[in-house]
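J.: Sharing a structure below in structure tokens format, with a few things to ask.
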Amino acid sequence: MNTSKSHRFTRFIKGKVIVISLLACFALFLAWVVSKVTFGQMMVAVENIVEPNNKLRLVNELSRQAARLDQLQRARLVKNTKKDFLNESKKTALIIDTLEELYQRDSIQMARLQRLQKLLGQRDKLFLSYLNVRNKLINDKLFTLQVQELNNMLDQNAAQDTSVTHTEKTTITTIYPEEEKDSRGFFSKLFGKKKEPKEAYKVVNEELNIERDTIAEAIRDSLTQVMSNAVMQLEKNRLRQRALFVNRENIWINANDKLINQIQTIVKQVEGEVIAQAETNNESARSIVSGSVKKIGFIMIAFVLLIVILLYFILTDLSKSARYRKALEEARDEAEYHSKAKQRFLSNMSHEIRTPLQSIIGYAELIKDADKPQKHDIEAIYQSSGHLMQIVNEVLDYNRIISGKFSFSNETFNITALLNEVMAIIRPQAENKRLELISNFNTTDKRFVTGDPFRLKQVLYNLLGNAIKFTSEGKVTLSVASIQQSGQWNYTFRVTDTGKGIAEEDINRIFNEFEQATGQPARENRAGTGLGLAICKELVEQQGGNIHVTSKVGKGSDFTFILPFNAAKEPANIDAKKDTVSNTENLTVWVVDDDSFILNLCALLFEKHHITYRSFQSPIDMLNAKWDDRVKVIFADIRMPGMDGKQLCVALRKKVPANVKIYALTAQALPQENDAILSAGFNGVLIKPFREKELLKVLNINEQTTATTTMPDLANIKRMAYGDEAQLASIIEKFAEDSFADIDILKTELFANDTLTDRISLLLHRMAGRTAQIGAAELAAKLKAAEYAVDETGFEDKKTDILALLTQLQELAKGLLKATHANELA
């Protein structure tokens, strides 16, 4: 897995290098695109700046046309022709039309141009009217006719009087100066002072020839009168034409001035627009260049940032790769270490399994060949079987923990009573090694909490057992302290000893699976699977606690673990037994197994406890058998030929009543296997190998009412008697005598009305010590636990349990007496 991670990170580094290259190409391409677009926009802006402004050109042309029209007007006065003037006027109108097309979206300029067009038309009309008036003044036909009429009248008078000759000749010559060419510029023409027209020089040459004759004097008066009238009429006409000419000239001049002013206004506005447009174009060009520079700058900054980020990730990957390489090396070393540890575990397990098996097989052969088996031979087989079972259970427990199938209960219990029970059960082990077992907690405190009492006892048994096992002299102490925080009790448990201690190099590995300490103190007590402390660690941590150890070689060890428990109220009848029965007459059991030894064992146990049963070696036989309504429990093996136990359970569920319980007898102890069994419809699992009390627990039978007492370990008593059988028999007889006496007294006290609790407690204490001294450690622990329970809550609700213990003690005493008389204690 780590190798695959390393390859993946290698691919990531290559991928990031490729990404950097692609980003570099993309950044260059993007910069090229931005530059190309920018230069295109700049070219357009430059063209807009350089390109001539049509509006300004047309306005300048209009200004020149206006000046040209003025010149043509003056030329018209000399040449007396209007064709050129009209052509130029049309050109001017065409320029105005073109400007109107350019200023279609500008309503103000359109209004000005329309007024300009109108003024131009009015100016042309006024100028033409002015020319007509002028022509009339120059070419006055009426005046000529009147002069001709006068001549005719004079001629008539001359004809009537031939003797009188009257001749009058008058010649008038008018000379105009030549028109000077206007060489001023456009703006000089617009804003300069208009030149005054030069007056014409008139030279009059008169020739007068007068001949008088006295004969004509007679008609002079009438002729004079007529001429006077004609001259007066001519003067009136001349004055009227003059006034009309002056008026038309003024109107024409005013219109011309307005036209020129309008043109100047338009020119100024167009110039302003051109300047503004030029500034806009310049600003646009600057904006384009500045924006392009910014874009390219942003592109380069983004590219640099991305490169920096990717380089950071690449360097991070390289450092991770180095760490993973180091982790791989450490994992390889760890794997090699664990491989060696497992090898040591297998070697140790081989020793641990083969040793009790050797005892079982060896003593079994002796019993098989003996006519009368010795009790201690059977006890050796039993003890070796128990030790072997403990080893197997440790392995299975650890498998459940690491597979996540380990479950914890949440029960209300008296933690002080639990601690007293643990100390009572573990005390015989300490006493066997002459060790002092000290409890450093309040043994009378009644405190109820919720949690898993079984797992707590499992951890304490393991730690205290290890402390006793690795301590050859001195003491073992269990200290308990608690702190309450917001409805929760945090308990600190400390197990200290004065043993050999643990070497510093072994402290970090003793909680590892399959590991044991390797120092000299540990090698002296090498027994075990190496899983005990690993199981303790998992049990504590999965309940939200923690565990640690401090130790010094030659000074002892200190194991400390902390567990949280929720505070609880004292429940009612906490010590009452649940669903236990002592009458087995109405209980019928069916059992099916293809192994005849298992069937025979079950038969012996059922007969021992007077349980009605029926055995089957085939599941088909059980299915075909006639159903018995008295059957309450069915035991079925899982692996059987023809039909397995799960298929049998499914078939039985269709046949038997719902209140019948079906239990699996199986050696499949893995969590996933148990889950599959329970999902098939079984009510529970009884794992092989099973003890008698486990079978009775499934049947809800109180073991204390039916169990027989095993013979105690008399090794300590024999050492005290120095091998003297007579002395040994005397001690046993004294034990039986005292025990019978105390049993009678205790039975009497239990049902007396004025019995004190202290009296019951004292009797139980005395019997527990005596029983432990004789070597019956298990029964002594039960008596001690009963003593503590009586001290805490009294004895009224414990009479049944105490009587059961007294029965066991009585059976023990009888058995010892019987063995003594039969000389079976050696």
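J.: May I ask for the net charge around V660, where only other residues with Cβ less than 11 Å from the Cβ of V660 are counted and Lys, Arg are +1 while Asp, Glu are -1?
T.: That sum, taken over residues with Cβ under 11 Å, equals +3.
J.: Then there is this: Sorting check: for 809-816, 324-331, 644-651, which peptide has the highest mean count of neighbouring beta carbons within 10 Å, and how do the rest follow?
T.: In decreasing order of mean packing, 809-816, 324-331, 644-651 become 809-816, 644-651, 324-331.
J.: Mind giving me the nanometre distance, one decimal, between the label points for F740 and K372, set 7 Å out from Cα along Cα→Cβ?
T.: With each label point 7 Å from Cα toward Cβ, the separation is 2.4 nm.
J.: Using 0.36 nm times the number of residues separating V308 and R105, minus their current alpha carbon distance, what extension gain do you get?
T.: 67.7 nm
J.: How would you order 619-626, 659-666 from highest to lowest mean count of nearby Cβ atoms within 10 Å?
T.: Top of the packing list down: 659-666, 619-626.
J.: Sticking with this structure for a sec: Provide the gained length on full extension for the span K326 to V37, in nm with one decimal, where the gain is 0.36 nm per separating residue minus the Cα-Cα distance.
T.: 98.7 nm is the gain from fully extending K326 to V37.
J.: Still on this model: Could you count how many Lys pairs in segment 588-701 have their Cα atoms under 26 Å apart, skipping same-chain pairs fewer than 8 positions apart?
T.: 28
J.: Ordered by packing density, taken as the mean number of other Cβ atoms within 10 Å over each peptide's residues, highest first, how do 470-481, 450-461 rank?
T.: Listed from highest to lowest mean packing, they are 450-461, 470-481.
Every read-out reported here was derived from the displayed coordinates using simple, explicitly stated rules and does not represent laboratory data. Computed from a prediction, not measured in an experiment: that's the story for all the values here. Cβ: placed from backbone, ideal geometry, glycine included. Neighbour counts: every protein chain shown.
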